[in-house]
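The values are calculated or read from the model by the stated rules, or taken from the named source; none is laboratory data. Note that the coordinates shown come from a computational prediction; the quantities given were computed from them, not determined experimentally. Neighbour counts are summed over all protein chains in view; Cβ atoms, including those assigned to glycine, are modelled from backbone coordinates with ideal geometry.
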Amino acid sequence: MKQLLRARPLLRNARPPQVFVETSRGGRGAEAHGRRLAALARTWLMQLAPQYDELSVVLVRDREIRRLKRIHFGIDEATDVLSFPLGKPVVSDGGVPTPAGDIVISLPTARRQARLHATTLERELARYLAHGLLHLIGHDHTQRNAATRMIRLEQRLLGEVGLIRRTAATQRTELRRALKKKTAKL
C-alpha cells in the first residue's frame, strides 16, 4: 500500500482537499476501509486535480449501488463503482473551488472481486477509487485513445494494472471459456 500513497510535490500554499467518507451503508468493515480510502483520495486528488477542494466517497452494499445505477443510468444491475461529477471547477469570489463530486463503491462487490482476482480488499478498493476519481475529473474509456490515457493514469496511481485493463482481460478469458464450452458441445 505504500506504493499507492506516493504523492508528487504540491504547489506552494496548496491545501489538501477535504474528503468525506460515508460508511454507514457499507456493511461490516466499512469504517476502517473508509479511513484508508480518504487518505488515498486526498493524495490522488491533489496529484490529478488540485483545483478541487472536496470529494465524497460512499461505501454501500450491492442493493444500494444497483438502485443508484438504475435511477441515474437506466441500467438495473449492481456494479463496482459509480461516479457523480459536480461539473467543472468554478472558483468563487472567496477563492474556493467547487467540489469534485461523489464516488460510490460497492463493498460486497469489492470483496468478491478481490477473492476472484487473488488480491487484497484494500487494493481492490483502491482500484475502484482510482477509476471513480478519474471519471470524476473528466476521463472516460468509451473510445480507444481516451481509454489508453485512462489506463495509464490508473496504472500510475496504483502502481499496477487498473480496473479497465483487468476488466478487459477478464472479459476475454470468459469469452474464450464460453467458446471452448460451445465447441466442446458440437
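What the table shows:
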{"read-out": "Scan of the stretch 111-159 for residues that are of a type in the set (A, V, I, L, M, F, W, C) and at positive phi, ordered by number", "value": "ALA118"}
{"read-out": "Yes/no for ILE71 being in a loop (DSSP other than H, G, I, E, B), aliphatic (A, V, I, L, M), out of contact with any Ser or Thr (no Cβ under 7 Å at 6 or more places or on another chain) and modelled with pLDDT of 90 or more", "value": "no"}
{"read-out": "Within the stretch 21-67, tally of residues that are modelled with pLDDT of 85 or more, under 19 Å from GLY101 (Cα atoms), in contact with a Lys or Arg (Cβ under 7 Å, 6 or more places away or on another chain) and not in a strand (DSSP E or B)", "value": "2"}
